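First the structure, in the form of structure tokens, and then the observations on it.
The values are calculated or read from the model by the stated rules, or taken from the named source; none is laboratory data. Values in this document were obtained by computation on a predicted structure and should not be read as measured data. We place every Cβ from the backbone using ideal geometry, glycine too, and count neighbours over all the protein chains shown.
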Amino acid sequence: MHLSQIKPEDPKEKMAEALGKFLSSPPKGVTAEVIEAFGRTIQTDDGILPPRVFIEAVEQSSVAISITNTKARILYANQAFESLTGYAAEEVVGKNQSILSYKVTPISVYEELWGCLLQQKSWNGVLINKRKDGERYLANLTVAPVIGTDGATSYYLALHRDVTEVHELERQVRNQKVLIESVVDAAPVVMALLDNNGKVLLDNHDYKKLLGDMRGVEPADVFLDSLSEVIAFDRKLPCKERRGFINQEISFKNRQGIATRWFNCSGVWVNEKNITADDYFTDAEECCLLLVANDITQQKRQQNQIKTNALRALMAEQQLVHGMRETLSGAIYQLQAPLNMAAAVVGMMQRRQGNGHESNPFQSALLDVIRSGEQVLESLQQSLPPEDQEAVSPVNMNEVIKDVIDLSIHRLLEKSVLMDWDPEAELPNISGRFYALRTLFKQLLDNAVDAIDEPGCTRREIAIQTRHVDDAVEVEIRDTGPGIAGNKRHQVFEPFFTDWQHIKGRPGMGLTIAMDMVQKHHGSIDIDPHYHPGCSIKITLPVNPPQTINQDEYA
Ligand code: FAD
């Protein structure tokens, strides 16, 4: 037998052969649409999909499907349509789709719908429908034209779902969001919800205001940086193991490392379930930090003001005691010299006279002078006020200078002095006595202001600069006063030396005390001989003074 004579036995092949025959010579009376529909039957590896499969797909669909003529008169409705609308198919066939209209959908919506359909375009939108029992529901409707072989629209396909619940949920979420945002906005604190990478997901009015104040620098970054110094942020920890924090005080620092704003921060970790499709079957979640920060800058400033005032009073007292101590020490020193000389004269006289000779009246008088001088010295020694013992600790010279400027601010303003404060951004701490150093620089700044007050000074400017040079910190104080003449550069450090033109009655111990403190810190104090016009004093303090230093040296 020849191969071409073999009749196909496979049912799939049989069906394809029958379809081919039907399409090539359709029986009389079969409409063109039916022939076209069979012609578009889908051919698969498993053979042709019969039209009943498509009908079944439409019947079983969970979406309400209806087919209408071009006037929206219903020709077919599936089971989902029946369950959604409450109408049996037989009840609606022949009726207009408007049977579902609740009559409150704006006319413009229908005009848009029909406008699209007349242009043979699909339309999608939401309408308010009513079921057979009168209950309203929101219908998300898609209408598509079915275009015939002649190019004209022959039917419309309508697919609609009840989206009432989704809409209600959306509205609830939106309402809650508006409510939460209003509450959060009204709260007089900075609030931000940050994701695991510190990105701001939600913020309030005060946070936005802070962002404006910081000219584009993200406050969240500054908060997290400061907080990470105070509390540990381990972003690798599972969400459940993270702990919140409460009332942590942090400060925002400027370029010079000086605090300009203070906040009291609390944080709560909020676990959010991931909403991506990938995580539908997992319990994956992300930790977000709800950060609440209370601006306490005002209170801090007030506290600092109180502290500065107390400090000013304390320093005035300390300076007075220190001055008295140094003045008395100077007087003792100066008294000691003539007494020593008198003792030497008496000694010399005794040696000349030899043993066994009576002392002459001049010698006795000298001895009386020496005795009463020694009594005076002793009572002066006893009246020396005791000096405070201050422990050596790490000292930031920028903080010392800032304190000194704060303490002198009223005087600087009163004297109309222009202050240029130029601190090194990153200054190492030196090992020293904070209060003693503050007294030292207060003295130098007071001198600079006094110098500017001297007759003939036209410019009223003081500049203070800190620098980190090798293993030392340098502080330079420059003023526009009359300066210190070359021959007096060493004299000014001697006790009781004073050369002010306009101030009288000063003990002249300021620079002596300053020199003493600098030496106790193993530093140096230099007056720049070339600086003109004015005076430039540079204090160099080693970061790590020699190991031999003991506390007594500082006393
Ligand atoms: P109508 O007078 O019927 O229509 C209001 C406006 O629609 C008219 O002013 C006119 O601008 C336009 N319009 C109406 N019929 C035509 C037309 N044949 N040609 C051009 N413009 C026309 N409506 C619903 O409320 N709910 C539904 O679920 C819904 N499903 C639909 C499904 C399909 C497939 C189609 C084609 C329409 C559907 N409609 C549906 C629209 C519906 O047919 C009505 O137009 C609508 O309900 C308003 O009815 P009405 O009696 O209030 O006013």
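Within the range 265-274, being in a strand (DSSP E or B) and over 19 Å from the mean Cα position of the chain (by Cα) holds for 270, 271, 272, 273. With respect to being surrounded by 13 or more Cβ atoms within 10 Å (Cβ to Cβ), small (Gly, Ala, Ser), farther than 18 Å from residue 62 by Cβ and more than 10 Å from the ligand (Cβ to nearest atom), residue 154 fits the description.
Of note, residue 441 does not satisfy the criterion of being farther than 22 Å from residue 423 by Cα, in contact (Cβ under 8 Å) with a residue 24 or more places away in the chain and not β-branched (Val, Ile, Thr).
Being surrounded by 15 or more Cβ atoms within 10 Å (Cβ to Cβ), of a type in the set (S, T, N, Q), in contact with a helix residue (DSSP H, G or I) (Cβ under 7 Å, 6 or more places away or on another chain) and closer than 30 Å to residue 520 by Cβ is a property that residue 408 has.
Could you check the range 403-476 for strands (runs of 3 or more DSSP E) lying wholly inside it with 2 or more residues that are over 33 Å from the mean Cα position of the chain (by Cα)?
It comes to 461-469.
Here's the yes/no breakdown for (1) under 30 Å from residue 466 (Cα atoms); (2) among the acidic types (Asp, Glu):
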| residue | (1), (2) |
| --- | --- |
| 175 | no, no |
| 180 | no, no |
| 186 | no, no |
| 191 | no, no |
| 203 | no, yes |
| 217 | yes, no |
| 228 | yes, no |
| 231 | no, no |
| 247 | no, no |
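Per the conditions (1) surrounded by fewer than 16 Cβ atoms within 10 Å (Cβ to Cβ); (2) under 17 Å from residue 533 (Cα atoms), the sole criterion not satisfied by residue 498 is (2).
Hey, does the range 503-521 have a residue that's among the hydrophobic types (A, V, I, L, M, F, W, C), in contact (Cβ under 8 Å) with a residue 24 or more places away in the chain and part of a loop (DSSP other than H, G, I, E, B)? For the range 503-521, residues among the hydrophobic types (A, V, I, L, M, F, W, C), in contact (Cβ under 8 Å) with a residue 24 or more places away in the chain and part of a loop (DSSP other than H, G, I, E, B): present.
If you check 232, 277 for being at pLDDT below 85 and over 15 Å from the mean Cα position of the chain (by Cα), only one passes: 232. Can you find even one residue in the range 115-126 that is within 9 Å of the ligand (Cβ to nearest atom) and either surrounded by 14 or more Cβ atoms within 10 Å (Cβ to Cβ) or of a type in the set (D, E, K, R) (or both)? The answer is yes; a qualifying residue exists. Of everything in the range 368-384 that is hydrophobic (A, V, I, L, M, F, W, C) and assigned to a helix (DSSP H, G or I), the residue that is farthest from the chain's Cα centre (by Cα) is 369.
Of the listed requirements (1) assigned to a strand (DSSP E or B); (2) under 30 Å from residue 228 (Cβ atoms); (3) not small (Gly, Ala, Ser), residue 145 misses just one: (2). Residue 181: away from the ligand (no atom under 16 Å from the Cβ) and at pLDDT 95 or above, yes or no? Against the criterion (away from the ligand (no atom under 16 Å from the Cβ) and at pLDDT 95 or above), residue 181 does not qualify.
Filter the range 47-88 for residues that are touching a Phe, Trp or Tyr at 6+ places or on another chain (Cβ under 9 Å) and within 30 Å of residue 17 (Cα to Cα); which is surrounded by the fewest Cβ atoms within 10 Å (Cβ to Cβ)? Top of the filtered list is 51. Here residue 318 fulfils each of the conditions (1) more than 37 Å from the chain's Cα centre (by Cα); (2) among the polar types (S, T, N, Q); (3) surrounded by fewer than 15 Cβ atoms within 10 Å (Cβ to Cβ) apart from (3). Exactly one residue out of 193, 179 is aliphatic (A, V, I, L, M) and within 19 Å of the chain's Cα centre (by Cα): that is 193. Do we find a residue being in a strand (DSSP E or B) and either touching a residue at least 40 places away in the same chain (Cβ under 8 Å) or of a type in the set (Lys, Arg) (or both) anywhere in the range 297-305? Checked against the condition, which is being in a strand (DSSP E or B) and either touching a residue at least 40 places away in the same chain (Cβ under 8 Å) or of a type in the set (Lys, Arg) (or both), the range 297-305 yields no hits at all. Checking residue 532 against (1) farther than 20 Å from residue 319 by Cα; (2) touching a Pro at 6+ places or on another chain (Cβ under 8 Å); (3) not aliphatic (A, V, I, L, M), only one condition comes out false. Which one? Unmet condition: (2).
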